[in-house]
Amino acid sequence: MLVCAGIVVALVVSNPERFHISTSSPPLPQTISSTPVLSARAALDELSVKGRAPKTDYSRSQFGHGWSNDNGCDTRNRILARDLEQTSLDQSCHVLAGVLHDPYTGKTIQFIRGPDSSDEVQIDHVVPLSNAWQTGAQQLSLERRISLANDPLNLLAVDGEANQQKSDGDAATWLPAQKAFRCQYVARQIAVKRTYSLWVTSAEKEAISTVLSACPDQQLPLP
């Protein structure tokens, strides 16, 4: 249990070995799920397989205008507080410094907030918003799309350069350089697509299946 701004919040962390929560960090809102944990392989087979829809009318604003802000803490800083270690924060809930063990590259990054250094750590949408738009998000309400863009399940603090290289690629065109993280990465993509009723392309499913062949017991992360 953590206390922030007079509110007691219970946190559920899907992978305690991966994420370390500082007691000085703002709590991240998460939901306790009563749904049985599925294997990533079984959940992948539940997803519809279709071609990409046109990118017509896509823009970032279709998923809200930037990060959501909840009681003074925006989504970016909440994810930084979740994923970084040894964090320090100011009274406005900004993460000023911390250490990221980057899941995409394996690098250790000393994060310092500032105009010339903040971009060294970026918040990645595991299922890129452009990909989501072309695989079913066009059919979601604006409220639901905003939820997708700010859902901790779909967000990871990562090396900024790796995030830029990924761009809006799916698993068929981009996977983390750190191979040991790939099973967790595609499992998280499956979980997001399952949660928001998105589909996969045939090439995307084949790429994910190839990754999961090395880890057939990989489970979905909890929401």
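The values are calculated or read from the model by the stated rules, or taken from the named source; none is laboratory data. Treat the numbers as computed from the prediction; the structure is a model and nothing was measured. Methodologically, a virtual Cβ is constructed for each residue, glycine included, from the backbone with ideal geometry; neighbour enumeration extends over all protein chains shown. SASA here: full protein model, heavy atoms, side chains in, ligands and nucleic acids out. Shrake-Rupley method; radii C 1.70, N 1.55, O 1.52, S 1.80 Å.
Restricting to region 150-197, count the residues that are within 14 Å of the chain's Cα centre (by Cα), open to solvent by 10 Å² or more (accessible area, probe 1.4 Å) and of a type in the set (Val, Ile, Thr).
Matching residues across region 150-197 total 1.
Of the residues in region 32-63, how many are at pLDDT 95 or above, assigned to a loop (DSSP other than H, G, I, E, B) and open to solvent by less than 50 Å² (accessible area, probe 1.4 Å)?
3
Give the residue that is surrounded by the most Cβ atoms within 10 Å (Cβ to Cβ), with candidates limited to residues of region 64-76 that are in contact with a strand residue (DSSP E or B) (Cβ under 9 Å, 6 or more places away or on another chain) and touching a residue at least 12 places away in the same chain (Cβ under 8 Å). It would help to see each step written out before you state the result.
First pass over region 64-76, keeping only residues in contact with a strand residue (DSSP E or B) (Cβ under 9 Å, 6 or more places away or on another chain): 66-68, 71, 73, 75-76.
Retained after the next criterion (residues that are touching a residue at least 12 places away in the same chain (Cβ under 8 Å)): 67-68, 71, 73, 75-76.
Working: Trp67: 17, Ser68: 15, Asn71: 11, Cys73: 24, Thr75: 20, Arg76: 21.
Only one residue tops the list, namely Cys73.
Go through (1) surrounded by 20 or more Cβ atoms within 10 Å (Cβ to Cβ); (2) among the polar types (S, T, N, Q); (3) over 15 Å from Val192 (Cα atoms) and name the single condition Ser130 misses.
(3)
Test of understanding: among Arg113, Arg82, which residue is farther than 22 Å from Trp174 by Cα and touching a His at 6+ places or on another chain (Cβ under 7 Å)?
Values: Arg82 fails: touching a His at 6+ places or on another chain (Cβ under 7 Å).
Exactly one of Arg113, Arg82 is farther than 22 Å from Trp174 by Cα and touching a His at 6+ places or on another chain (Cβ under 7 Å), namely Arg113.
Condition first: without any contact (Cβ under 8 Å) to a residue 60 or more places away in the chain and either exposed (fewer than 15 other Cβ atoms within 10 Å of the Cβ) or farther than 14 Å from Asn150 by Cβ (or both). Now tell me which residues in region 77-94 satisfy that. I'd like the intermediate steps shown before the answer.
In the first step, residues of region 77-94 are kept if they are without any contact (Cβ under 8 Å) to a residue 60 or more places away in the chain; the result is 77, 90-92, 94.
The answer is Asp90, Gln91, Ser92, His94.
Just one of the numbered conditions (1) in contact (Cβ under 8 Å) with a residue 40 or more places away in the chain; (2) farther than 24 Å from Thr105 by Cβ is not true of Ser141; which one?
The one condition Ser141 does not meet is (1).
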